[in-house]
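Have a look at the structure below before the remarks.
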Amino acid sequence: MKNVVLIGFMGTGKTSVGRLLAARLGCAFHDLDRKIEEKHGMSIPAMFREHGEPYFRAREKDAVREAAGRTNLVIATGGGTVKDAENVAILRQNGILVALTADVDTILQRTSARGARPVLDHADAGDRRAAVVQLLDERRSLYDGADITVDTSGRAPLEVAEHILQAL
Ligand code: S3P
């Protein structure tokens, strides 16, 4: 089986949907952020803090190459993985791209935990919506053009996973 690659903004449910989808397909779930954390023995927020975003993006690219060299995986990418066109090309080679989307309120609700999303955590509470809106505007086109797109707003992860299974 080709890999099933979940892309999408933070808070669109890539990890929770990916886990369920992998269970239903009977294949391994491969979360790029978790793989990076395991390999380097540090959390993503700590990596951003101590080494900066470019260092994280380089580790992310290594993780993409590693994952794309395998098959039969459900891969959850990070929200910024597709900023790098080469990452997209690599993942596409043996993967079906599934974009998950969500509206701003849903994203804000699902990403409300502080300290977990370094690209949003610079904004204080009042500005967080503005930060999400701006980043979504910047990135929206990156999530276009997937093989399958599913709006996850108001939908439980299981419902989204079922929808993807039917579309595959
Ligand atoms: C990022 C999203 C995060 C993680 C890192 C950067 C981004 O993943 O890769 O904090 O640039 O959007 P999630 O989309 O799983 O939160």
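Brief remarks on what is shown
- Test: residue in segment 38-51 that is of a type outside the set (A, V, I, L, M, F, W, C), away from the ligand (no atom under 12 Å from the Cβ) and surrounded by 15 or more Cβ atoms within 10 Å (Cβ to Cβ): yes
- Of A22, A67, A58, all but one fail to be among the aliphatic types (A, V, I, L, M), more than 27 Å from Q166 (Cα to Cα), at pLDDT 95 or above and part of a helix (DSSP H, G or I); the exception is A58.
Table: residues versus (1) modelled with pLDDT of 95 or more; (2) among the small types (G, A, S); (3) in a helix (DSSP H, G or I); (4) more than 14 Å from the ligand (Cβ to nearest atom).
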residue: R92; (1), (2), (3), (4): yes, no, yes, yes
residue: L100; (1), (2), (3), (4): yes, no, no, no
residue: S112; (1), (2), (3), (4): no, yes, no, no
residue: A123; (1), (2), (3), (4): no, yes, no, no
residue: A146; (1), (2), (3), (4): yes, yes, no, yes
residue: A161; (1), (2), (3), (4): yes, yes, yes, yes
residue: I164; (1), (2), (3), (4): yes, no, yes, yes
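- Filter pass, K14 being within 19 Å of V132 (Cβ to Cβ), out of contact with any Gly (no Cβ under 9 Å at 6 or more places or on another chain), charged (D, E, K, R) and within 13 Å of the ligand (Cβ to nearest atom): no
- Failed condition for L73, given (1) surrounded by fewer than 13 Cβ atoms within 10 Å (Cβ to Cβ); (2) of a type outside the set (D, E); (3) closer than 26 Å to R155 by Cβ: (1)
- Scan of segment 135-156 for residues that are under 15 Å from K83 (Cα atoms) and not aromatic (F, W, Y), ordered by number: L135, L136, D137, E138, R139, R140, S141, L142, D144, G145, A146
- Exactly one residue out of T106, T111, T101 is in contact with a Leu (Cβ under 7 Å, 6 or more places away or on another chain), surrounded by 15 or more Cβ atoms within 10 Å (Cβ to Cβ) and within 14 Å of F9 (Cα to Cα), and it is T111.
- The residues listed here are E66, E37, E50; of these, the one that is acidic (D, E), touching a Lys or Arg at 6+ places or on another chain (Cβ under 9 Å) and more than 26 Å from D151 (Cβ to Cβ) is E66.
- Residue in segment 148-159 that is surrounded by the fewest Cβ atoms within 10 Å (Cβ to Cβ), counting only those that are among the polar types (S, T, N, Q) and in a loop (DSSP other than H, G, I, E, B): S153
- Flag for V74 being closer than 21 Å to S43 by Cβ, within 15 Å of the ligand (Cβ to nearest atom), touching a Gly at 6+ places or on another chain (Cβ under 8 Å) and touching a residue at least 40 places away in the same chain (Cβ under 8 Å): no
- If the condition is being polar (S, T, N, Q) and under 20 Å from G69 (Cα atoms), then segment 1-14 contributes only N3.
- Every residue from segment 37-69 that is within 15 Å of V88 (Cα to Cα) and over 18 Å from the mean Cα position of the chain (by Cα): G69
The values are calculated or read from the model by the stated rules, or taken from the named source; none is laboratory data. Keep in mind it's a predicted model, so treat the numbers as computed, not measured. In this analysis, Cβ positions are derived from the backbone assuming ideal geometry, glycine residues included, and neighbour counts consider all displayed protein chains.
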